[in-house]
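Peer 1: Got a structure for you, written out below as structure tokens; questions coming shortly.
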Amino acid sequence: MTTVDATAGGTASTQAAPLAGPLAGDPSILGLGSFIAGSVALGLGLVGVVPAGVLGAPLAIVLAATALGLLMATIWCAALGQSAVAAVFGIFGTFWLSYAVLVLGLDHDWFAIAATAVIATVKLFLLTWLIIIVMLTISTLRLPSAFTALFVLVDLALLLLLLAFAEASAAGVPSAGLLKTGGYVVLVFAALGVYLFFGAAQAGTGGKPVPLGPPLMR
């Protein structure tokens, strides 16, 4: 969408008009806020706020807030032509959605997975998403370094959780120490998400954006 203005010499010049209407604004505020909610709920669950093994505790937040909010932000970004940001929000949105499906499926035996294969199934889930998020981390090195740090922390949390289930006991109980350490890493990247949210909210309300660091790749 453009506007045409007359120059001092009487000729016409074309310039982009500011976006107006329902699409105006910054979808990252919604996306980051949704991401933070699920991260806090998952991190608190892993560090022991709820009894060990209660994997469904954060699902209400993960499904109704995080997955839904991230997918809404994805559509908003795509409508604005922000394909890279849409990809980030979309990948994280489907991660949270697949986590919810995994937990519900295992709890209700939706996938007919034998009890002896549950640990292997969780390891498959974690390894797949670790590969995807590492791919995302590498492909977004041109973003400010605060985003790279966030992705690296997500990678680390997934790795720790994968190791926790890889070291599960014969009874199928994952390593409590590694789970708790992974939970603390989740809370750290949630805190970094709060910083990014604050920066987006500052810019969206007319304030000065917070420093996000130079990109690692130009």
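Peer 1: Which condition number in (1) in contact (Cβ under 8 Å) with a residue 12 or more places away in the chain; (2) over 21 Å from PHE147 (Cβ atoms) is the one that VAL186 fails?
Peer 2: (2)
Peer 1: While we're looking at this one, here's another question. Hey, any hits in segment 57-65 for a residue that's loosely packed, with under 15 Cβ neighbours inside 10 Å, more than 20 Å from LEU44 (Cβ to Cβ) and over 14 Å from the mean Cα position of the chain (by Cα)?
Peer 2: Scanning segment 57-65 turns up no residue that is loosely packed, with under 15 Cβ neighbours inside 10 Å, more than 20 Å from LEU44 (Cβ to Cβ) and over 14 Å from the mean Cα position of the chain (by Cα).
Peer 1: Take LEU80 and decide whether it is touching a helix residue (DSSP H, G or I) at 6+ places or on another chain (Cβ under 8 Å) and within 18 Å of LEU179 (Cβ to Cβ).
Peer 2: Taking the combined requirement at face value, the residue does not satisfy it.
Peer 1: If you scan segment 95-118, which residues turn out to be of a type outside the set (A, V, I, L, M), touching a Phe, Trp or Tyr at 6+ places or on another chain (Cβ under 6 Å) and buried (at least 17 other Cβ atoms within 10 Å of the Cβ)?
Peer 2: Residue satisfying the conditions is PHE95 alone.
Peer 1: If only one of LEU136, LEU150, LEU161 is closer than 19 Å to ILE91 by Cβ, within 13 Å of the chain's Cα centre (by Cα) and surrounded by 20 or more Cβ atoms within 10 Å (Cβ to Cβ), which one is it?
Peer 2: The match here is LEU150.
Peer 1: Any idea which residue in segment 166-208 is nearest to LYS123 (Cα to Cα), counting only those that are in a helix (DSSP H, G or I) and of a type in the set (S, T, N, Q)?
Peer 2: Per the criteria, the residue is THR181.
Peer 1: How about segment 45-103: which of its residues are among the β-branched types (Val, Ile, Thr) and either part of a helix (DSSP H, G or I) or closer than 24 Å to LEU143 by Cβ (or both)?
Peer 2: Scanning segment 45-103 gives VAL47, ILE61, VAL62, THR66, THR74, ILE75, VAL85, VAL88, ILE91, THR94, VAL101, VAL103.
Peer 1: For segment 104-117, enumerate the residues that are among the acidic types (Asp, Glu) and not in a helix (DSSP H, G or I).
Peer 2: Answer for segment 104-117, where residues must be among the acidic types (Asp, Glu) and not in a helix (DSSP H, G or I): just ASP109.
Peer 1: Would you confirm whether any residue within segment 174-185 is modelled with pLDDT of 95 or more, buried (at least 19 other Cβ atoms within 10 Å of the Cβ) and under 19 Å from SER34 (Cα atoms)?
Peer 2: Within segment 174-185 (the criterion being modelled with pLDDT of 95 or more, buried (at least 19 other Cβ atoms within 10 Å of the Cβ) and under 19 Å from SER34 (Cα atoms)), the answer is yes, since at least one residue qualifies.
Peer 1: Still on this structure: Determine if segment 119-127 includes at least one residue that is modelled with pLDDT of 95 or more, under 23 Å from TYR184 (Cβ atoms) and surrounded by fewer than 16 Cβ atoms within 10 Å (Cβ to Cβ).
Peer 2: Yes: segment 119-127 contains one or more residues that are modelled with pLDDT of 95 or more, under 23 Å from TYR184 (Cβ atoms) and surrounded by fewer than 16 Cβ atoms within 10 Å (Cβ to Cβ).
Peer 1: Of the conditions (1) surrounded by fewer than 19 Cβ atoms within 10 Å (Cβ to Cβ); (2) in contact with a helix residue (DSSP H, G or I) (Cβ under 7 Å, 6 or more places away or on another chain); (3) within 21 Å of ALA87 (Cα to Cα), ARG142 satisfies every one except a single condition; which number is it?
Peer 2: Going through (1) surrounded by fewer than 19 Cβ atoms within 10 Å (Cβ to Cβ); (2) in contact with a helix residue (DSSP H, G or I) (Cβ under 7 Å, 6 or more places away or on another chain); (3) within 21 Å of ALA87 (Cα to Cα) one by one, ARG142 breaks only (2).
The values are calculated or read from the model by the stated rules, or taken from the named source; none is laboratory data. Computed from a predicted structure; not experimentally measured. Every residue, glycine among them, receives a Cβ derived from its backbone with ideal geometry; neighbour counts consider all protein chains shown.
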